């Protein structure tokens with residue numbers, strides 16, 4: 001669609017005390033042009049294929065995000081930041097290995113109390129990540145004195161933005177206008193980041209105006225909580241709860257290997273209404289059958305046969321669990337999925353058959 005007669009620029013009305021919507025940069029012609037460029041990308045360009053999906057996914061988490069922003073006194077417009085960062089996908093991973101709705105790097109995530117380990121990556125947890133994101137954003141606003149500088153720091157790192165200020169404007173008052181002056185010295189992605197956020201907000205708040213049909217939002221991220229005492233794979237959880245494994249995986253995206261950590265209790269989410277059945281059925285499962293696979297790291301000299309014998313399973317089942325595996329070309333350190341619990345209800349007694 002053509003961006004004419006102000007169609008690509010007129011922002012929605014400004015709620016009280018929303019600093020982002022009240023920024024003087026909204027009246028800057030060059031800033032306006034950059035926002036319009038991103039509006040065109042998401043309406044006329046290839047981004048138009050993705051934006052409706054972003055808005056649909058937003059429906060599952062916007063309540064959580066809105067509540068966190070209100071509790072911390074941050075601008076409500078930041079609800080569109082995950083649209084720009086991840087398309088509101090819990091499983092999004094950037095080329096720089098940032099993860100989750102808010103695209104945290106691992107060191108920053110750990111600094112805000114999130115676990116990032118081989119089994120659990122809480123950057124994918126929408127509740128913990130949103131709490132951390134609001135704390136981080138608030139601290140950046142306090143540090144840089146401007147939301148536009150704070151957002152640049154969120155995208156490229158506070159150290160980088162601080163270094164640009166120190167080199168090019170050490171004595172200047174911090175402001176959104178200063179961000180625009182320093183913008184040429186920032187990475188390309190960061191130069192685009194703030195205009196991109198405004199473009200996402202304008203489109204999301206009136207999609208039909210920009211030629212995007214109003215999407216049907218995904219249902220809220222609803223669940224019951226249950227506790228498992230030790231290592232348990234999510235397929236076992238699903239069978240005990242009487243639900244599809246995909247539903248349990250969807251509700252627990254932080255469990256990156258599909259297994260809860262050994263030796264500790266873990267609170268899991270299961271579909272609404274399934275918690276009571278889970279508690280009854282899980283109690284009947286012997287501890288030896290609560291894990292349906294392990295991830296084995298190939299050691300020097302091992303063959304697929306050695307690995308199968310070690311775990312007491314047929315070689316055929318190991319190959320089925322790793323369809324891309326080339327048995328003659330195993331590499332030291334390579335990870336292989338080994339099914340170790342009954343498949344389809346098989347018992348321990350006939351596992352070796």
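Residue 131 passes every criterion in (1) in a helix (DSSP H, G or I); (2) surrounded by 23 or more Cβ atoms within 10 Å (Cβ to Cβ) apart from (2).
Counting only residues that are within 17 Å of residue 257 (Cα to Cα) and in contact with a helix residue (DSSP H, G or I) (Cβ under 8 Å, 6 or more places away or on another chain), which one in the range 319-342 is surrounded by the fewest Cβ atoms within 10 Å (Cβ to Cβ)? Filtering first and then ranking leaves 337.
Close Cβ contacts (under 7 Å, 6 or more residues apart or on different chains) running from residues in the range 78-95 that are assigned by TED's automatic domain parsing to the domain that holds residue 124 to residues that are surrounded by fewer than 18 Cβ atoms within 10 Å (Cβ to Cβ) comprise 79/66; 87/50; 87/53.
Of note, residue 83 does not satisfy the criterion of being farther than 19 Å from residue 158 by Cβ and touching a strand residue (DSSP E or B) at 6+ places or on another chain (Cβ under 7 Å). Against the condition outside the structural domain of residue 89 (by TED's automatic domain parsing) and touching a strand residue (DSSP E or B) at 6+ places or on another chain (Cβ under 9 Å), how does residue 281 come out, does it pass? Judged against the criteria, residue 281 is not a match. Looking only at helices (runs of 4 or more DSSP H) that fall completely inside the range 244-323, which ones have 2 or more residues that are touching a residue at least 40 places away in the same chain (Cβ under 8 Å)? So the answer is 275-282.
When residue 208 is tested against (1) more than 20 Å from the chain's Cα centre (by Cα); (2) surrounded by 14 or more Cβ atoms within 10 Å (Cβ to Cβ), exactly one condition is not met: (2). Does the range 99-116 include one or more residues that are assigned to a helix (DSSP H, G or I) and surrounded by fewer than 15 Cβ atoms within 10 Å (Cβ to Cβ)? The answer is yes, given that some residue of the range 99-116 is assigned to a helix (DSSP H, G or I) and surrounded by fewer than 15 Cβ atoms within 10 Å (Cβ to Cβ).
Name every residue in the range 243-281 that is touching a helix residue (DSSP H, G or I) at 6+ places or on another chain (Cβ under 6 Å) and at pLDDT below 95, in order of residue number. The one that is touching a helix residue (DSSP H, G or I) at 6+ places or on another chain (Cβ under 6 Å) and at pLDDT below 95: 258. Which one is nearest to residue 250 (Cα to Cα) among residues in the range 40-53 that are surrounded by 18 or more Cβ atoms within 10 Å (Cβ to Cβ) and in contact (Cβ under 8 Å) with a residue 60 or more places away in the chain? It comes out as 51. If the condition is being more than 35 Å from the chain's Cα centre (by Cα) and on the phi < 0 side of the Ramachandran plot, then the range 289-303 contributes 300, 302, 303.
The values are calculated or read from the model by the stated rules, or taken from the named source; none is laboratory data. Every value quoted in this text rests on a predicted model; they were computed, and no experiment measured them. Note: ideal-geometry Cβ built from the backbone for every residue, glycine included; neighbour counts use all protein chains shown.
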